[in-house]
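For reference, the structure is listed below as structure tokens.
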Amino acid sequence: MKDNIVIVGGGIAGMEAARQLLLLGYKPILVEKSDHLGGHVADWHCLFPDMTPAQDVVKGLVEQIKDANIFLETEVSFINRMKMGYNVMFSNGVNVICKAILLATGFDLFEASRKEEYGYGIYDQVMTNRDLERWFNTGDDKRITGKDIKKIGFVHCVGSRDVKAGNQQCSKVCCITAIKQAMEMKERFPDAEVYCFYMDLRLFGKKYEDFYIKAQMESGVHFIRGRVSEVSENMQGQVIIKTEDTLSGKPAKITLDLLVLMAGIVCNKQAVQTASMVQVQTDSDGFLKSKDNILNIIETGSKGVFLAGTATGAKTIPETAAEARAAALAIHNYLVAQS
Amino acid sequence: MMDFGFSISPSSTMNLDKVDLTLYDRLCSIEPDARKCMACGSCSATCTAGPWTGMSVRKVLLDIQRGKDKEAAAMLKGCMLCGKCTMVCPRGINTRHLILSLCRIYGEDAK
Ligand code: SF4
Ligand code: SF4
């Protein structure tokens, strides 16, 4: 089969779709703007709910898509609509005529420094979920390495469910990520007290509630219901956070040696630009707009343009992979109908 | 001194750095399920004594987690040990047993 298919984005969605398309006998062209495949997952250490090493997931997929045409450090420069498909120009000068395009453009992690009141980039002992995963991977971070860490706090919903941050939606995966990371920190610092500050605990996925109970029972993580309102620094370089303990109905404060911000999932701005080249608009939540949000999440209003993964909103890895498979099948059906 | 009609009220802010968790830890060592509470309030909602005495298993557990042992002890006096709370707890905590264990700890301390 000679039909060209362009996949934009080499994260989980793009790779899984490429894998399925290869199995269906196509030879997709995959473009990835960074110098490696795997997207955000490549920066992660272990994945809930079974603590699977993130590298295993990424490597497993990379291994299986070797036969695809992969361009790293490449972006889409422009796309022209033609009678039978699209003419796609890449930043590396390659020009492709294709019949179908899959936008697997993923998400951006919310820039935690925008929530200035939490002090990321201002106070020494504040980090993000991604920084902590990097430390799990490298063991190198001046906020942790060689420090006496006795009290650790996790702030849920940083840049999520927050009109002021421009993101009303829930990022879905931060609650479970916070609990995962809280337990991982407790393992590394058994004498430390670990606190999670949450508004709701949205533990919707398979085995997530088990994780929560394990965090309570085995790790002794303290869950305090209330949104952190502000963070300050004391002379010792620790951070003091203010919140309401809403279950007690009283304001509360606590001093911590390390504060981890659960930066949320927001739409990838660059993807919005690429999508606009093929007349795919954004939905009211800022993510790419599907044909409809029930049975046609994968299709768009533009013929031959498909979506998969977090380009349309926050998603877990299994959800992303399932969508990618569905997108590969939708593309196959589309191409069959065309010929 | 002139009375201007002002007074200084103490701050209601809870300083979580100063919470004494001795009782909570003791309770958890004999009733590990105490850690499992997710503050759903089923126990308090169903409690027959609650509306008249202020008894609430949820609040007892919260107070102990915040080091407010006296408040928890006062609340426990309202319990009539009927066990309805145990029947509704979605986390399967044997709350009645937990209440008895807590009373035993308080009883030992009073000796
Ligand atoms: S055992 Fe005590 S706390 Fe539980 S429902 Fe009965 S009176 Fe209320
Ligand atoms: S019913 Fe159980 S989980 Fe719910 S508040 Fe009471 S003790 Fe906690």
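The numbers here are math on the coordinates, done by the rules we state, and not lab data. Owing to the predicted nature of the structure, the values given are computational and were not obtained by experimental measurement. We place every Cβ from the backbone using ideal geometry, glycine too, and count neighbours over all the protein chains shown.
So which residue, out of A:MET277, A:MET235, A:MET84, gets the largest mean-square fluctuation from a GNM of chain A using Cα contacts under 10 Å as springs? For chain A, modelled as a Gaussian network with Cα springs under 10 Å, the answer is A:MET235. Across the range A:28-40, coupling constants 3J(HN,Hα) worked out from phi with the 6.51/-1.76/1.60 Karplus curve, θ = phi - 60°, read x, 9, 10, 10, 9, 6, 8, 8, 8, 8, x, x, 5 Hz, and Gly and Pro carry x. Centre-to-centre separation between the Cα atoms of the range B:26-45 and those of the range A:276-295: 45 Å.
Dipole magnitude for the protein assembly as shown: about 1060 debye, using +1 per Lys or Arg Cβ and -1 per Asp or Glu Cβ, origin at the Cα centre. Legend note: in chain B, cysteines whose Cβ sits 4.7 Å or more from every other cysteine Cβ are B:CYS28, B:CYS37, B:CYS40, B:CYS47, B:CYS79, B:CYS82, B:CYS89, B:CYS103. Of all aspartates and glutamates in the structure, those lying under 14 Å Cα to Cα from B:LYS77, and not within fewer than 8 positions of it along the same chain, are B:ASP69. Put simply, the amide H of A:GLU75, placed in the peptide plane, has neighbours under 5 Å in A:SER91, A:ASN92, leaving out anything fewer than 5 places away on its chain. The order of B:SER101, B:SER42, A:SER229, going from fewest to most other C-beta atoms within 10 Å of their C-beta, is A:SER229, B:SER101, B:SER42. Each semi-axis of the equivalent ellipsoid for the range A:112-265 is √(5λ) with λ an eigenvalue of the Cα gyration tensor; in descending order they amount to 20, 19, 16 Å. Rounded to the nearest Hz, the phi-derived 3J(HN,Hα) couplings of the range A:126-142 under the Karplus curve 6.51 cos²θ - 1.76 cosθ + 1.60 (θ = phi - 60°) are 10, 9, 10, 3, 5, 4, 5, 4, 4, 5, 4, 7, 10, x, 10, 7, 5, where x marks glycine and proline. When you filter the chymotrypsin sites (Phe, Trp or Tyr not before Pro) in the range B:1-73 for DSSP loop state and at most 12 other Cβ atoms inside 10 Å of their Cβ, you are left with B:PHE4, B:PHE6. Computed over the range A:112-265, relative contact order equals 33 percent, with contacts defined as Cα pairs under 8 Å that lie 6+ residues apart. Placing unit charges on the Cβ atoms of the charged side chains and taking the dipole of the range B:39-110 about its Cα centre, the candidate lying farthest along the positive direction among B:PRO90, B:LEU61, B:PRO51 is B:PRO90. Pairs of Cα atoms nearer than 8 Å and 6+ residues apart set the relative contact order; for the range B:1-83 it is 28 percent. Distant-in-sequence amide contacts of A:GLU230, defined by a placed amide H-H separation under 5 Å and a gap of 5 or more residues or a different chain, comprise A:LYS242.
Treating only the Cβ of Lys, Arg, Asp and Glu as charged (+1, +1, -1, -1), what charge dipole size does the range A:112-265 show about its Cα centre? Round to the nearest 20 debye.
Details: 24 positive and 22 negative charges, 84 e Å.
About 400 debye.
Among the trypsin sites (Lys or Arg not before Pro) within the range A:55-96, those in coil by DSSP and having at most 16 neighbouring Cβ atoms inside 10 Å are A:LYS66, A:LYS83.
Evaluated with a Cβ-only charge set (Lys, Arg +1; Asp, Glu -1), the range A:277-323 carries a dipole of roughly 140 debye about its Cα centre, given to the nearest 20. P(r) for the range B:39-110: what percent of alpha-carbon pairs falls in each 10 Å bin, starting at zero? Using 10 Å bins, I get a P(r) of 22, 58, 19, 0 for the range B:39-110.
Does anyone have the angle between helix A:174-188 and the longest principal axis of chain A? Alpha-carbon axes, 0 to 90°, nearest 10? The angle comes out at about 50 degrees. Counting neighbouring Cβ atoms within 10 Å and putting the fewest first, the residues B:MET2, A:MET217, B:MET75 line up as B:MET2, A:MET217, B:MET75.
Count charges around A:ALA314 for me, please; just the other residues with Cβ under 14 Å from its Cβ, Lys/Arg as +1, Asp/Glu as -1. Numbers along the way, then the final one.
Values: positive: A:ARG161, A:LYS172, A:ARG202, A:LYS315; negative: A:ASP108, A:ASP162, A:ASP283, A:ASP285, A:GLU319, A:GLU323.
So the environment of A:ALA314 carries a net charge of -2.
Pairs from the list A:LYS180/A:LYS250; A:LYS59/A:LYS186; A:LYS115/A:LYS315; A:LYS164/B:LYS70 with a Cα-Cα gap above 30 Å: A:LYS164/B:LYS70. Going by Cα centres, the range A:198-250 and the range A:309-339 are how many Å apart? Using only Cα atoms, the two centres lie 36 Å from each other. The Stokes-Einstein estimate for the range A:1-146, based on a Kirkwood radius over Cα pairs and taken at 37 °C with 0.692 mPa s viscosity, is a diffusion coefficient of 190 µm²/s. I'd like to know which of A:VAL158, A:LEU295, A:ALA314 lies farthest towards the positive end of the charge dipole of chain A, counting +1 on Cβ of Lys and Arg and -1 on Cβ of Asp and Glu. Of A:VAL158, A:LEU295, A:ALA314, it is A:LEU295.
Scalar couplings 3J(HN,Hα) for the range A:321-326, obtained by applying the Karplus form with A = 6.51, B = -1.76, C = 1.60 to θ = phi - 60°, are 5, 5, 5, 5, 5, 4 Hz; x denotes Gly and Pro.
Taken as Cα centroids, the range A:29-89 and the range A:130-178 sit 25 Å apart, rounded to the nearest whole angstrom.
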